[in-house]
Amino acid sequence: MRTGMARSYKPPKRECKQFSFWVESRPGTTHNSNSGLTMRHPAFRLSALSFAILASGAFSTAHAQSGDEDTDANVLAPVEVQSSATASKGGLSEAYAGGQVAEGANLGILGAQDVMETPYNVTSYTEQLIEDQQAASVGEVLLNDPAVRVARGFGNYQQVYLVRGLPIYSDDITYNGLYGLLPRQYLASNFIERVQVFRGANTFLKGAAPGGSGLGGAVNIVPKRAPNRALNQVTLGTQSGGQGYAAADLANRSDDGRFGIRLNVARRDGDTAVDGEEAELSMAHLGVDFREENFRVSADLGFQKHRIDGGQPSITFAAGVPVLDTPDADESIGQPWTYSNSNDVFGTLRTEYDFADNITGWVAVGARRGEEDSIFANPTVNDTDGNYTAGRFDTAREDTVTTGETGVRFNFDTGGIGHTVSVSGSTYELESKNAFAGSFGGVAGNIYNPTDVPPPAYTFSGGNLDHPQLTVKTQFDSVALSDQLSMLEERLLVTLGARYQNIQDKSYDYGGGPRNANYDDSALTPTLGVLYKLRPSISLYANYIEGLQKGQVAPDTDNNNNSVVNGGEALEPYETQQTEIGVKYDGDNIGGSLSVYRSEKPIAGLNAANVYEVIDDQENTGVELMAYGNATRNLTVLGGVSFLDADVDGNDAIGSPDTQANLNLEYRVPQLPDLAVDGRVIYTSSQYADEANEQKVDSWTRLDLGARYLIALGDSKFLTLRGRVENVTGEDYWASAGGFPGAGYLTIGAPRTVLVSATLDF
């Protein structure tokens, strides 16, 4: 059973055999040595939930099949169970000491890579961390990363992740390596086995992000798979405001270990810690995998419905108005008639086949159908008293996404040099139907004294909100080639590669009108990475890698309504360059990294002749320090610090703090071995909300405290009680600025929030 307690030491690495596990010092707890998943002792299955009926049927089928095999003369021998959503031969990488991060991650075309053997900067956060912190979403998991902060995108409730001062839209995170499959606004943590954060440009590894972000990093979500032992887990919880939470996590494998199935269902509903804000979430995820000696397949089917009513809006300060004190975070400024509603269904299929000992091919496909509707009224503060005005903006959106990739990887030697050559191709297609309506004003109030007003009447519209029509059609295609060379008895590793990317983007008038823009361009993005193992515990690395996003389209008029000379012209794809050097350390119990990087990002605008073109660059220079593992037998550490200088023509870029720091400590009480307490401090220095650096946002520090306790109930039943207080001091603060290029809207940080939960393993 998963107790949520971190490992007190790191066991030696070994080959993973069927049902191999190691035991902690507490009764009833086992861990899968391969995947880092905690194993639950088999018992009876949950039958109260309707989804469990489906799961039980699948489990019964798997066992029936294995029973038939046992009576056959040609009995299939048990296989090594190293299941993973990527269908890779090596399975899911092990958790590092402490259990909060993993030893490796998936790096796109390069496949699964050990952190100590890749010349890139990546951290993989585990399911154990998610459970122990009661993290509800991807954004809450990423709060543990010193190089990442969470903002809002496009002025709505969509999560945006700022990595090295540059955004990753939630549209542009990958799901098991594929773009565009996850819900755009919000992703519940119940889907997640690992959250993998790649810091830096990454087009060569994964292809250009179709949403136009990801120049500063990438986020990949690894879905859950069945561990080696039966898993039966139910969780009930609540938080400040009265929001309730219920979830079930069920899994099993066939007797021979070849087939696994895992089902997750969850429901959240009720008021949040913000007065006037309500949130609702329903999700279900089914993950299956099958393994033969030379063939592996993994598949997912997911559903999520997410709604926010009266949510805390983003706030913009008008030009010339300084950023004021943060309003009371306990009370929503949002109007009660504002909301955001989204429904998504998605699925993936990934297979791997070993043509020979040194040749492996793979194919992955995925699809998503998403629907969204919303009403927003985001305030613009117009004076130093906090008075604001707002308009109404209604949206409707329907997305259809299909995506896939295929490739082959083979190993060979030339003299004393080893080669791992990978060739891959990928495709992505989006058809998006959109409509909008709203008013330019009609809402007024004060951020320090929120009042409710009726929704204003529409004064503009585009399309039909009830029946949105096609407005965007996007297609990304790419081919990539890499060669990873190993020399000097594998102490020197060199990565060479390049990706050729074609970007097509067509826009249509709202309401089913004709095509009004057509973007079609290509670019080649190379990479070079070098890693040298100074000793088994120390790796030195350096890399050059590029990012890519489609160029912007010149507007027809400027801010003064003057015609732009090249209005409607699409600029060439933006190519960014990044260089990075660093050192990685693995001391078995403590690991970490130190890196220094520099990147350049083009910025488009109008020149003196009123021509829209690339007029400047944003230059980011930074230093990052990361540490994780067991500092002592009973003390686990996770944290680091990030220093960033994001320069645009002598000014700081919007939403780019100079310093970000995180420290998470977990202490297992020796006198009470089933009790663990933890504390997390998050610090973000001041930043700016405008390009002229006249609107300064104050620094902030947040303290979170938590505890958990394991109770043995007998008969292989265990209860884990968790309690957590986030923002213990109740500080009101501006959590972020921006989230969309050129936008300086601010997000209010969450108020003091109490979370409690009980998890039963049986």
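The values are calculated or read from the model by the stated rules, or taken from the named source; none is laboratory data. As the structure is a computational prediction, the values presented were derived from the model and not from experiment. Note: ideal-geometry Cβ built from the backbone for every residue, glycine included; neighbour counts use all protein chains shown.
Check whether at least one residue in the stretch 204-216 is under 30 Å from residue 520 (Cβ atoms), among the basic types (Lys, Arg) and modelled with pLDDT under 95, and report yes or no. Don't jump to the end; show me each part of the working.
Taking the stretch 204-216 as the starting set, the residues that turn out to be under 30 Å from residue 520 (Cβ atoms) are 204-216.
Imposing the further condition that a residue be among the basic types (Lys, Arg) reduces the set to 206.
If we keep only those that are modelled with pLDDT under 95 as well, we get 206.
Taking every residue of the stretch 204-216 in turn, at least one turns out to be under 30 Å from residue 520 (Cβ atoms), among the basic types (Lys, Arg) and modelled with pLDDT under 95.
Could you pull out the residue among 477, 505 that is under 30 Å from residue 111 (Cβ atoms) and modelled with pLDDT under 95?
Values: 477 fails: modelled with pLDDT under 95.
When all the criteria are applied, what remains is 505.
From 524, 531, 594, grab the single residue that is surrounded by fewer than 15 Cβ atoms within 10 Å (Cβ to Cβ), part of a strand (DSSP E or B) and not charged (D, E, K, R).
Details: 531 fails: surrounded by fewer than 15 Cβ atoms within 10 Å (Cβ to Cβ); 594 fails: surrounded by fewer than 15 Cβ atoms within 10 Å (Cβ to Cβ).
Among 524, 531, 594, only 524 is surrounded by fewer than 15 Cβ atoms within 10 Å (Cβ to Cβ), part of a strand (DSSP E or B) and not charged (D, E, K, R).
Restricting attention to the stretch 177-204, which residues are hydrophobic (A, V, I, L, M, F, W, C), in a strand (DSSP E or B) and in contact with a helix residue (DSSP H, G or I) (Cβ under 8 Å, 6 or more places away or on another chain)?
Within the stretch 177-204, 192, 195, 197, 198 qualify.
Any idea which of 754, 728 is under 30 Å from residue 687 (Cβ atoms), hydrophobic (A, V, I, L, M, F, W, C) and touching an Asp or Glu at 6+ places or on another chain (Cβ under 7 Å)? Working first, answer last.
Working: 754 fails: touching an Asp or Glu at 6+ places or on another chain (Cβ under 7 Å).
Answer to the check: 728.
Please work out which residue is surrounded by the most Cβ atoms within 10 Å (Cβ to Cβ), limiting yourself to the stretch 602-651 and to residues that are among the aromatic types (Phe, Trp, Tyr) and modelled with pLDDT of 95 or more. Reasoning before the result, please.
First, pick out the residues of the stretch 602-651 that are among the aromatic types (Phe, Trp, Tyr): 612, 628, 643.
Of the ones still in play, those that are also modelled with pLDDT of 95 or more are 628, 643.
Working: 628: 24, 643: 17.
Top of the filtered list is 628.
Mind checking which residues of the stretch 546-574 are part of a strand (DSSP E or B) and touching a Phe, Trp or Tyr at 6+ places or on another chain (Cβ under 6 Å)? So that I can check it myself, show each step before the final result.
Taking the stretch 546-574 first, the residues part of a strand (DSSP E or B) are 546-549, 553, 557, 563, 570, 574.
Listed by number, the residues that qualify are 549, 570.
Take the conditions among the small types (Gly, Ala, Ser), farther than 30 Å from residue 606 by Cα and either touching a Pro at 6+ places or on another chain (Cβ under 9 Å) or not in a strand (DSSP E or B) (or both) and apply them to residue 539. Does it pass? I'd like the intermediate steps shown before the answer.
Details: among the small types (Gly, Ala, Ser): yes; farther than 30 Å from residue 606 by Cα: yes; either touching a Pro at 6+ places or on another chain (Cβ under 9 Å) or not in a strand (DSSP E or B) (or both): yes.
When the stated conditions are applied, residue 539 passes them.
Out of the strands (runs of 3 or more DSSP E) lying entirely within the stretch 652-762, which hold 2 or more residues that are surrounded by fewer than 19 Cβ atoms within 10 Å (Cβ to Cβ)?
659-668, 675-684, 700-714, 717-726, 753-761
Can you say whether residue 755 is touching a residue at least 40 places away in the same chain (Cβ under 8 Å) and hydrophobic (A, V, I, L, M, F, W, C), as far as the supplied structure shows? Outline the logic, then answer.
Numbers: touching a residue at least 40 places away in the same chain (Cβ under 8 Å): yes; hydrophobic (A, V, I, L, M, F, W, C): yes.
The answer is yes for residue 755.
Take the residues of the stretch 82-129 that are of a type in the set (Ser, Thr, Tyr) and in contact with an Asp or Glu (Cβ under 6 Å, 6 or more places away or on another chain): which is modelled with the highest pLDDT?
First, the residues of the stretch 82-129 that are of a type in the set (Ser, Thr, Tyr): 83-84, 86, 88, 93, 96, 118, 120, 123-126.
Those left that are additionally in contact with an Asp or Glu (Cβ under 6 Å, 6 or more places away or on another chain): 83, 93, 96.
Values: 83: 68, 93: 92, 96: 97.
Filtering first and then ranking leaves 96.
Please verify whether residue 281 is in contact with a His (Cβ under 8 Å, 6 or more places away or on another chain) and surrounded by fewer than 18 Cβ atoms within 10 Å (Cβ to Cβ), treating the condition exactly as stated. It would help to see each step written out before you state the result.
Numbers: in contact with a His (Cβ under 8 Å, 6 or more places away or on another chain): yes; surrounded by fewer than 18 Cβ atoms within 10 Å (Cβ to Cβ): no.
The answer is no for residue 281.
Would you mind finding the one in 160, 219, 234 that is part of a strand (DSSP E or B) and at pLDDT below 95? Break it down into steps so the answer makes sense when it comes.
On the way: 219 fails: at pLDDT below 95; 234 fails: at pLDDT below 95.
Unique residue meeting the criteria: 160.
Would you point out the residue of the stretch 430-449, among those that are among the polar types (S, T, N, Q) and crowded, with 16+ Cβ neighbours inside 10 Å, that is nearest to residue 505 (Cα to Cα)?
Step one: list which residues in the stretch 430-449 are among the polar types (S, T, N, Q), which gives 432, 434, 439, 446, 449.
Checking the rest, the ones that are also crowded, with 16+ Cβ neighbours inside 10 Å come to 432, 434, 439, 446.
Details: 432: 11, 434: 15, 439: 29, 446: 41 Å.
Ranking the qualifying residues of the stretch 430-449, first place goes to 432.
Given (1) over 30 Å from residue 405 (Cα atoms); (2) in contact with a strand residue (DSSP E or B) (Cβ under 9 Å, 6 or more places away or on another chain), identify the lone condition not met by residue 325.
With (1) over 30 Å from residue 405 (Cα atoms); (2) in contact with a strand residue (DSSP E or B) (Cβ under 9 Å, 6 or more places away or on another chain) applied to residue 325, the lone miss is (2).
Matching residues to (1) without any contact (Cβ under 8 Å) to a residue 60 or more places away in the chain; (2) of a type outside the set (A, V, I, L, M, F, W, C):
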position: 625; (1), (2): no, no
position: 634; (1), (2): no, yes
position: 645; (1), (2): yes, yes
position: 671; (1), (2): yes, yes
position: 676; (1), (2): no, no
position: 689; (1), (2): no, no
position: 722; (1), (2): no, yes
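Looking only at residues in the stretch 102-132 that are under 29 Å from residue 679 (Cα atoms), of a type outside the set (S, T, N, Q) and part of a strand (DSSP E or B), which one is nearest to the chain's Cα centre (by Cα)? So that I can check it myself, show each step before the final result.
Going through the stretch 102-132, the residues under 29 Å from residue 679 (Cα atoms) turn out to be 102-105, 114-116, 121-132.
With the extra rule that they be of a type outside the set (S, T, N, Q), the set shrinks to 102-105, 114-116, 122, 125, 127, 129-132.
With part of a strand (DSSP E or B) added as a condition, the list becomes 102, 104-105, 114, 122, 125.
Working: 102: 15, 104: 16, 105: 13, 114: 20, 122: 13, 125: 10 Å.
This residue is 125.
Of all the residues that make up the stretch 247-294, how many are assigned to a strand (DSSP E or B) and β-branched (Val, Ile, Thr)?
Here is the first cut: in the stretch 247-294, the ones assigned to a strand (DSSP E or B) are 247-253, 259-271, 275, 278-291.
Then drop every residue that is not β-branched (Val, Ile, Thr), which leaves 261, 265, 288.
Result for the stretch 247-294: 3.
Here are some residues: 424, 439. Which one is closer than 30 Å to residue 494 by Cα and in contact with a Gly (Cβ under 9 Å, 6 or more places away or on another chain)? Show your work before the answer.
Values: 439 fails: closer than 30 Å to residue 494 by Cα.
Answer to the selection: 424.
Can you confirm whether the stretch 704-725 contains a residue that is over 23 Å from the mean Cα position of the chain (by Cα), more than 30 Å from residue 250 (Cα to Cα) and not hydroxyl-bearing (Ser, Thr, Tyr)?
no
Does residue 426 satisfy the criteria of being surrounded by 16 or more Cβ atoms within 10 Å (Cβ to Cβ), part of a strand (DSSP E or B) and under 31 Å from the mean Cα position of the chain (by Cα)?
On the way: surrounded by 16 or more Cβ atoms within 10 Å (Cβ to Cβ): yes; part of a strand (DSSP E or B): yes; under 31 Å from the mean Cα position of the chain (by Cα): yes.
Here the answer is yes, as residue 426 does meet what is asked.
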